[in-house]
Amino acid sequence: MGLALEVGMAAGYPQIGGGATAPRRRRAPAGPKAASLARRTGLGGAMTAAKPAIPILASVAALAPTCDAWIVDIWGVMHNGVRAHRAAGEACARFRERGGIVVLLSNAPRPFAAVVGQMARLGVDPAAYDAGVTSGDATRGLIAEWSGRPLLHIGPERDLGLFEGLDVSLAPPEAAEGIVCSGLWDDTRETPEDYLPLFERLLARGLPMICANPDRVVERGDKLVYCAGALAAAYAERGGEVIWAGKPHLPIYRRTLAEIARLKGAPVAAERILAIGDGIDTDLAGAHAAGLRSLFIASAVHLPGGLEERALGALFAARPFAPVAALPALIW
């Protein structure tokens with residue numbers, strides 16, 4: 001059986017295996033027009049050894065008939081940390097009006113209930129989505145395994161909801177038995193280098209780290225800020241043990257695909273799900289590992305010069321995967 005071939009099987013859980021096997025031949029609408037779309041976007045078959053050019057589309061509407069569900073990144077697609085991308089919300093709402101399911105998937109190191117409040121403040125329309133899953137949700141499950149033990153929290157106070165209701169205590173570095181990293185204490189001024197002296201002390205004691213957000217950087221308005229993933233990478237590079245929650249790791253996709261199955265009321269084939277995101281090493285790599293198609297939303301993180309065919313191709317030339325198409329923003 002292919003990766004994530006059907007969602008909701010085996011007591012309602014999706015079937016995702018290890019590795020990065022390509023999805024089976026994908027289903028496209030019938031007719032000459034649909035066949036042309038399949039040729040341009042790669043929806044008609046598996047990728048060949050010589051990668052074709054990645055189509056740059058003007059609208060996601062052309063892909064909508066090939067999908068029953070979208071998995072949509074939040075920060076970078078739905079908003080930029082300062083304001084909502086209203087066109088993205090409108091696109092998701094129109095897809096839902098046509099019977100599609102939209103599940104938001106975020107590496108935010110907070111439970112989805114907390115993210116809902118942030119989205120509302122930024123202007124994201126609730127009509128744009130059915131449900132959501134966050135790295136924070138997955139992290140709470142990992143923290144629960146440390147019941148009764150002291151943990152060091154590296155991250156801002158706004159992420160303390162990760163620990164709410166769980167039987168763990170927060171401790172200083174010298175008393176902690178493990179680490180939960182949800183971000184920098186002050187991401188407006190600090191960099192990962194500021195944490196290296198602390199890491200040396202923690203590494204000397206062999207403390208494992210749970211990374212609540214694998215993203216390394218994210219756009220906040222017109223600036224790039226470091227995330228927990230940058231700290232965790234620095235810790236791992238120095239020999240530390242890191243337990244990753246969130247994208248691109250498969251546990252959060254199992255959770256997300258199970259949510260799609262619940263909302264649909266029936267299993268959903270992997271080839272009918274489209275993952276939409278701006279993170280190559282998170283959104284797109286995770287979709288590939290889960291056997292899902294992906295749509296790349298270009299961002300300043302990867303394409304500071306804008307979306308252009310040659311630069312786009314160079315991004316994926318040496319990677320084992322590529323999106324079916326790219327857009328400068330999620331637009332209907």
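Descriptive notes on the structure:
- For Gly132, the residues 5 or more places off, or on other chains, whose built amide H falls under 5 Å of its own are Leu104.
- Label-reachable residues, the range 132-156, where backbone N falls under 19 Å from a point 7 Å from Ala175's Cα toward its Cβ: 146-155
- Vicinal HN-Hα couplings computed from phi for the range 187-199 (Karplus, 6.51 cos²θ - 1.76 cosθ + 1.60; Hz; Gly/Pro x): 6, 7, 10, 8, 10, x, 4, 5, 9, 4, x, 5, 4
- Taking the charge dipole of the range 145-244 about its Cα centre, with +1 at Lys and Arg Cβ atoms and -1 at Asp and Glu Cβ atoms, the residue from Gly183, Leu160, Pro197 reaching farthest to the positive side is Pro197.
- For Ile243, residues with placed amide H under 5 Å, excluding near neighbours: Met209, Ile210, Cys211
- FRET efficiency, 1/(1 + (r/R0)^6) with R0 35 Å, evaluated for Leu160 and Leu196 via beta carbons: 0.90
The numbers here are math on the coordinates, done by the rules we state, and not lab data. Just so you know, these numbers come straight off a predicted model, no measurement behind them. Cβ atoms come from the backbone with ideal geometry, glycine included; neighbour counts cover every protein chain shown.
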